[in-house]
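One structure is given below, encoded as C-alpha cells.
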Amino acid sequence: MSHPSLVTEDLTIRFGGHVAVNKVSCTFNPGELTVIVGPNGAGKTTYFNMISGQLPPSEGRVLKDGIDLTRMAPSARARHGVGRAFQLTNLFPKLTVLENIRLAVQAQEGAGRNFFTPVRRFTELTARAERYLEATRLEKVAHMTAAALPHGDQRKLEVALLMAMEPDIYMFDEPTAGMSLDHAPDVLDLIAEIKHDKSKTVLLVEHKMDVVRALADRIIVLHNGELIADGDPDEVMSSRIVREVYLGAAEETTA
Ligand SMILES: Nc1ncnc2c1ncn2[C@@H]1O[C@H](COP(=O)(O)OP(=O)(O)O)[C@@H](O)[C@H]1O
Ligand SMILES: [Mg+2]
C-alpha cells in the first residue's frame, strides 16, 4: 500500500518552443484512484502518452515499481503492467466479442508460464474470458462481431480487454466521452470495481464533476502543462487556484 507503483520524475515534453508538460513529478499508489483534471490543452493526454509510451519525453523519467520505463516502447510498458484502453491494437473487428476477450486472455497468459495441457488450457482460457465478459456486462453481445457493436459496447469491450491484460496500472482518458447516458454508468461502475481491487492503481482523466466526486480518492490538476494542485478531492476542488483556472472552464463544458 505505502510504496508507490508509478512515479513520474520531472516529466517534460516540448513541441517546438511550446512546453506541453512541464516538470511533472508525481507518485501514484496501489489502491488509489487519481482523477486528473484541467482545462482543454492543459497537457493531460500528453502526460498519459508519456506514461504509456506513445510519446518520448524531452526530459524526466517514468518508473514502475522502481523500473525505469522511459525508453521502452508501449508494448514493453504493457508487459510491465501499464495498461491503457486505446493500446488495444489486439482488437479484431471480424471476431466476436468473446473471441476477442479470449485472445486477450491468451496473450496475457502467454506472457507467463503455462502448466496446463492443451484441453485444460482452452477450458481455463474460456472460463477467464467469460469472467471478463460478465464483469463488463457484455454477455448479451458475446457472439456479435466487435465491428458490429454499438459505440458504448465497444468502449466496454475496450475495458474488458484491458482487464484481461491484468495490468497493475489502469489508465482511462475520458472513458465516457461521446457515450450515451445509458452506457456511461456501466463503464463508470466498471472503473469503480477495478478501484476496489486494492492492488490496482487507477489514473482517470475526467471532466464531469459528478463522476469525479463519485470516484476520486485524490485529484491532481494540470494547467498549462504544470501540476498546480494535488490532494484530497474536496480540498483540491475548493482551493482558490483550482476554482480560478479550472472550475470556470469545466462549468462551461459540462453545462
Ligand atoms: N503531437 C503533438 N504535437 C504538437 N503539439 C501537441 C501534440 N500533442 C499535444 N500537443 C499540444 O500539447 C498541449 C496539451 O495537449 P493535450 O495533452 O492534448 O491536452 P489535454 O488532454 O489536457 O486537453 C496542447 O497545446 C496541444 O496542442
Ligand atoms: Mg485530452
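Just to confirm my filter: which strands (runs of 3 or more DSSP E) fall fully inside the range 166-227 and include at least 2 residues that are under 25 Å from Asn40 (Cβ atoms), within 16 Å of ligand 1 (Cβ to nearest atom) and of a type in the set (A, V, I, L, M)?
Fully inside the range 166-227 and qualifying: 201-205, 218-223.
Could you give me the residue pairs with C-beta distances under 9 Å whose first residue belongs to the range 44-69 and is at pLDDT 95 or above and more than 9 Å from ligand 1 (Cβ to nearest atom), whose second residue is in a loop (DSSP other than H, G, I, E, B) and among the charged types (D, E, K, R) wherever it lies, and which are 6+ apart or on separate chains?
Pro56/Arg71; Lys64/Asp168; Asp65/Asp168
Considering only the range 239-255, I want to know if a residue exists there that is within 15 Å of ligand 1 (Cβ to nearest atom) and on the phi > 0 side of the Ramachandran plot.
no
In the range 132-165, what residues are in a helix (DSSP H, G or I) and among the polar types (S, T, N, Q)?
Gln154
Filter the range 13-47 down to the residues that are under 15 Å from Leu215 (Cα atoms) and among the small types (Gly, Ala, Ser) and list them by number.
The one that is under 15 Å from Leu215 (Cα atoms) and among the small types (Gly, Ala, Ser): Gly31.
For the range 234-255, check the following and say yes or no: at least one residue is within 16 Å of ligand 2 (Cβ to nearest atom), loosely packed, with under 14 Cβ neighbours inside 10 Å and among the hydroxyl-bearing types (Ser, Thr, Tyr).
Yes; the residues of the range 234-255 include at least one that is within 16 Å of ligand 2 (Cβ to nearest atom), loosely packed, with under 14 Cβ neighbours inside 10 Å and among the hydroxyl-bearing types (Ser, Thr, Tyr).
Collect the residues in the range 215-228 that are crowded, with 21+ Cβ neighbours inside 10 Å and aliphatic (A, V, I, L, M), keeping them in residue-number order.
Scanning the range 215-228 gives Ala216, Ile219, Ile220, Val221, Leu222, Leu227.
Need the failing condition index for Thr126 against (1) within 15 Å of Phe92 (Cα to Cα); (2) of a type outside the set (D, E, K, R); (3) not in a loop (DSSP other than H, G, I, E, B), just the number.
(1)
If I ask for residues that are polar (S, T, N, Q) and within 13 Å of ligand 1 (Cβ to nearest atom), which ones from the range 24-43 would you list?
The one that is polar (S, T, N, Q) and within 13 Å of ligand 1 (Cβ to nearest atom): Asn40.
The values are calculated or read from the model by the stated rules, or taken from the named source; none is laboratory data. Predicted model, so just to flag it, every value in this text is computed and none were measured. Note that each Cβ is placed from the backbone with ideal geometry, even for glycine, and that neighbours are counted across all protein chains shown.
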